[in-house]
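Heads up: the structure comes next, in structure tokens.
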Amino acid sequence: QVQLVESGGGLVHPGGSLRLSCAASGSIGAYIGDWYRQAPGKQRELVATISSRGTTGYADSVKGRFTISRDITKNTLYLQMSSLKPEDTAVYYCMVRGAAYDWGQGTQVTVAS
């Protein structure tokens, strides 16, 4: 069974940083990897993408503050988040497209003073 396990969330003050990790049970190198987030009462939104060639893309709301990366030797995606704002508060999920993964449990990020 293929699984995605997110970790690294927590409570951080505005302006702070966190690094999220997403461990996949299978190979990720040939696939597109995504980070999504879902805030209370809102739809899940795509915030960052990394292609199989390593090309990255970001939602306008996080551009310049978040960085997606991966380590294909560890089958792990990362999301480095800096200059965090209260509106970044959400449950963060990862996904590997086309590899038949189910959604993981997500990791809660709370930005508050």
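The values are calculated or read from the model by the stated rules, or taken from the named source; none is laboratory data. Keep in mind the model is a prediction, meaning the values are calculated, not measured. Backbone-built Cβ (ideal geometry, glycine too); neighbour counts: all protein chains shown. Only protein heavy atoms, including side chains, enter the accessible area calculation; ligands, DNA and RNA are left aside. Shrake-Rupley method; radii C 1.70, N 1.55, O 1.52, S 1.80 Å.
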*What number comes out for the charge environment of V2, summing +1 per Lys or Arg and -1 per Asp or Glu over other residues with Cβ under 13 Å away?*
0
*In nm, to one decimal, how far is the T110 label point from the Q3 one, both placed 7 Å along Cα→Cβ?*
2.6 nm
_Paramagnetic reach from D102 in the range 6-25 [backbone N under 18 Å; point 7 Å along Cα→Cβ]_ = 6-7, 23-25
*For the chain, with every protein chain kept in place, what is the accessible area per residue (1.4 Å probe, Å²)?*
52 Å²
*Figure the gain on full extension for A30 and S61 (residue separation times 0.36 nm, minus the Cα-Cα span) and round it to one decimal in nm.*
8.4 nm
_Percent accessible area from carbon and sulfur atoms, the chain, protein chains only, probe 1.4 Å_ = 49 percent
